Every structure is written in structure tokens, then in C-alpha cells.
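So the structure is just underneath, and the comments pick up after that.
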Amino acid sequence: MTEIAVASSDATNIETRIERDGDSYIINGRKWWTSGAADPRCTLLIVMGKTDPTANTHRQQSMILVPIDTPGVTIVRDLPVFGRYDQHGHCEVVYDNVRVPAENLLGEEGGGFAMAQARLGPGRIHHCMRALGAAERALALMTTRAQERVAFGKTLAEQGAVQHQIAESRVAIEQARLLCRLAAKTIDEYGNKAAAPYVSAAKVAVPRMTLEVIDRAIQVHGGAGISDDVPLAAMYGWHRAMRIYDGPDEVHLRTIAKNELRKYANNLQNDPVSHRGLR
Ligand SMILES: Cc1cc2nc3c(=O)[nH]c(=O)nc-3n(C[C@H](O)[C@H](O)[C@H](O)COP(=O)(O)OP(=O)(O)OC[C@H]3O[C@@H](n4cnc5c(N)ncnc54)[C@H](O)[C@@H]3O)c2cc1C
């Protein structure tokens, strides 16, 4: 989806064109941050572009499958995240008169935006679950190190200040985990649309919490924490990126605020159904 030339947190800005030509579609555009495209096992790209720029705002986009070896597809570069190259890569990709069979279109013309939203909701919960795991790992590293390292005649774990760092981390992890569970439970019971404000809340809260816990773990490790001898620096970089990918914090805060404003505008604040985001 994401393009170098336009603010892609607003997916309606996307400029890549997917134009029908007989039994084919022709694709022209420049994407970046295409995750997975640098992996040698990657054979197929899913591209979102506009099939009809004159249609209603959310019906202009479509998604199409493009085999990575189609003439006109160029992987320009793999983008680093804080100087590190991920295993599967995040690539800038140019599509120059790329022709694919019309049957490669996913769903119907104009259905791309809705499809992206349907995929991203549950996908964001998975990012949050993985981030909770990373926070647990950072806390485990922090507590292990604190019990091994001696400064001023005591282990770090015996210092009250370090105990507070450990305890604050446990409090924050459990708060964020409950929010993630609430979002997941609401998806299960009421569907993606109703869960959207909770998914957004988890997507804002979980990476922030994870960054705080990793930061404390780095501090307890001293110089080792920012070296690559322990995984904390890499973990910090990745979870900082999480505040941007799959929707920057500000876009999710906008979703949460709109939901709250709608409840109060309709005087539904004491209604348990509206509290669940169902109206
Ligand atoms: C590691 C990584 C992997 C990624 N993988 C993929 C992928 O596989 N596929 C894909 O399509 N994209 C991917 N992305 C791209 C990612 O989804 C976009 O970077 C993101 O949607 C933001 O778009 P943008 O970079 O164009 O930022 P912009 O849209 O230019 O936004 C810049 C900043 O503006 C601010 N902002 C935006 N809207 C508002 C608002 N309403 N109010 C206040 N402030 C606002 C936010 O702070 C935001 O960070 C990936 C990104 C990263 C970092």
C-alpha cells in the first residue's frame, strides 16, 4: 500500500494506477516499505492501487497479485530499520507498465480499501501479541541481569530503584495485556468493526509499553544494553517502528476519539452497547 510520494497513513492518497487493458491490468507506481519483498522465497506481491480515481473515495482502490518476476517490477532497495536490515526486508519497489492477467485482481474492482481494513484489524492484534512477548522477554533479561550484577556491594536486584523498574514493568505489561485481550474478545464476540476502537487502543498502548520496558531493561544492563551483545537495542528499534507501521499512533487516536465523540454526541454514554463501540 505505502508510497514514498504521498502520506500513506491516509490510504485514500495512494497514487499507483491499476488500469484495465483487454484481458490484463497494467500497473504503474512506486511503493516502499513492502515487507517481505527481500526474502528469496517471496514470489508474489499484493499491490494496492487506483482502478477508478473518479469513484467515491473508498471505492477507487483495488488489490492485485503481481508475480515478483513480472517484467517492469524493480526492487530498488531494502530499507533499514534504525540501521538494521530485517530478515525478510522492507523494500522500495517500482512498477513500470507491469502487465498481469485480469484474473489476478483480488475480489472486485473498488474493493481494495475495504479488503485492507478487514485484514489490518485482526493483523494489528497479532502485532500487539508479539510485542507483549517482547516486553516479557525484556523483563526476563532485566531481572536476570539485576540478580547477577553487583554494584556498591549489593546485587542490582537488591537496589530499591531497580526493584521499582521491575515492578513498574510488570504492572505495565499486565495492563496492556488486558487491553489486548479486550480487543480480541470484542472481535470474537462482536466482529472487527465493533472492535476497531479497542484494536486502536491496543495498537497505541502496547508498543508504547513495550518501549518503556525495553528502555528500563537497557538501563539495567548499562553499556551492554545498547550493544549488540544482548538483543535489547534491536528490540527497541523494531518496537519504535511499530508506532508507525499498520497506522501511526495519531491515526489510531483519531479512531478512538471519533468513537468517544460519537457516543457523547448521541447521548449513549451509559448504554453498555455503545460503550462496546457497537453504535
Ligand atoms: C518496518 C515497517 C514495515 C512496514 N511494512 C509495510 C508493508 O508491508 N506494507 C505497507 O503497505 N506499508 C508498510 N509500512 C508502511 C507504514 O504502514 C507507513 O509508514 C504508515 O502507514 C505511515 O505512512 P507514511 O510513512 O506515509 O507516513 P505519513 O502518512 O506521511 O505520516 C507521517 C506522520 O504524520 C502524522 N499523522 C498522520 N496522520 C495524522 C493525523 N490524522 N493527525 C496527526 N498526525 C498525523 C503521524 O505522526 C505520522 O507518523 C511499513 C513501515 C515500517 C516502518
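The values are calculated or read from the model by the stated rules, or taken from the named source; none is laboratory data. Please read these numbers as outputs of a predicted model, since none were measured by experiment. FYI the Cβ positions are ideal-geometry reconstructions off the backbone, even for glycines, and counts take in every protein chain you see. Side chains are part of the model used for accessible areas, which takes the heavy atoms of the whole protein and leaves out ligands, DNA and RNA. Shrake-Rupley method; radii C 1.70, N 1.55, O 1.52, S 1.80 Å.
Do any of Lys50/Lys258; Lys154/Lys203; Lys50/Lys263; Lys50/Lys203; Lys31/Lys263 go past 32 Å between their Cα atoms, and which? Listed pairs above 32 Å: Lys154/Lys203; Lys50/Lys263; Lys31/Lys263.
One equal scatterer on each Cα of the chain, no solvent, Debye formula: the resulting log10 I(q)/I(0) at q = 0.07, 0.08, 0.09 Å⁻¹ is -0.34, -0.44, -0.55.
The dipole here belongs to the chain: it is taken about the Cα centre, uses +1 on the Cβ of Lys and Arg and -1 on the Cβ of Asp and Glu, and is about 880 debye.
Ligands, DNA and RNA aside, Asp21 has an accessible area near 70 Å² when probed at 1.4 Å.
Summed over all non-identical Cα pairs, the Kirkwood treatment of region 117-178 gives a radius of 13.2 Å.
Close amide H pairs (under 5 Å, H built 1.01 Å from N) link Leu106 with Met63, Ile64, Leu65, residues at least 5 positions away or on another chain.
For the chain, the residue among Ile214, Gln175, Tyr245 whose Cα projects farthest onto the positive side of the dipole built from Cβ charges is Gln175. Taken along its principal axes, the alpha carbon cloud of region 41-115 reaches lengths of 40, 27, 19 Å, longest axis first. For region 1-139, a crude dipole built from +1 on the beta carbon of Lys and Arg and -1 on the beta carbon of Asp and Glu, taken about the Cα centre, is about 460 debye to the nearest 20.
Couplings 3J(HN,Hα) of region 183-196, computed from phi: 4, 5, 5, 5, 4, 4, 8, 10, x, 4, 5, 5, 7, 3 Hz, in residue order, whole Hz [Karplus 6.51 cos²θ - 1.76 cosθ + 1.60, θ = phi - 60°; x for Gly and Pro]. Shown here are the Rg and Dmax of the Cα trace of region 151-250, at 16.6, 56 Å. Cα centroids of region 97-167 and region 20-37: 29 Å apart. Accessible surface calculations at 1.4 Å, restricted to protein heavy atoms, place region 147-201 at 63 Å² per residue.
Of all aspartates and glutamates in the structure, those lying under 17 Å Cα to Cα from Lys193, and not within fewer than 8 positions of it along the same chain, are Asp246, Glu260.
Tell me the carbon and sulfur percent of the accessible area for region 69-143, rounded to whole percent, probe radius 1.4 Å.
Values: 2070 of 3790 Å².
Here carbon and sulfur together make up 55 percent of the probe-accessible area.
Within the shell of other residues whose beta carbon sits under 12 angstrom from the beta carbon of Arg216, the net charge comes to -1, with Lys and Arg scored +1 and Asp and Glu -1. In order along region 158-166, the Karplus-derived 3J(HN,Hα) couplings, from 6.51 cos²θ - 1.76 cosθ + 1.60 at θ = phi - 60°, round to 7, 7, x, 4, 6, 4, 4, 4, 5 Hz, and Gly and Pro are given as x. Near Arg243, no amide H atom lies under 5 Å from its own; only residues 5 or more places off or on other chains count, and H is placed 1.01 Å from N. What's log10 of I(q)/I(0) for region 1-86 at q = 0.19 Å⁻¹, Debye sum over Cα points only, no solvent? For the requested q values the scattering log ratios are -0.92.
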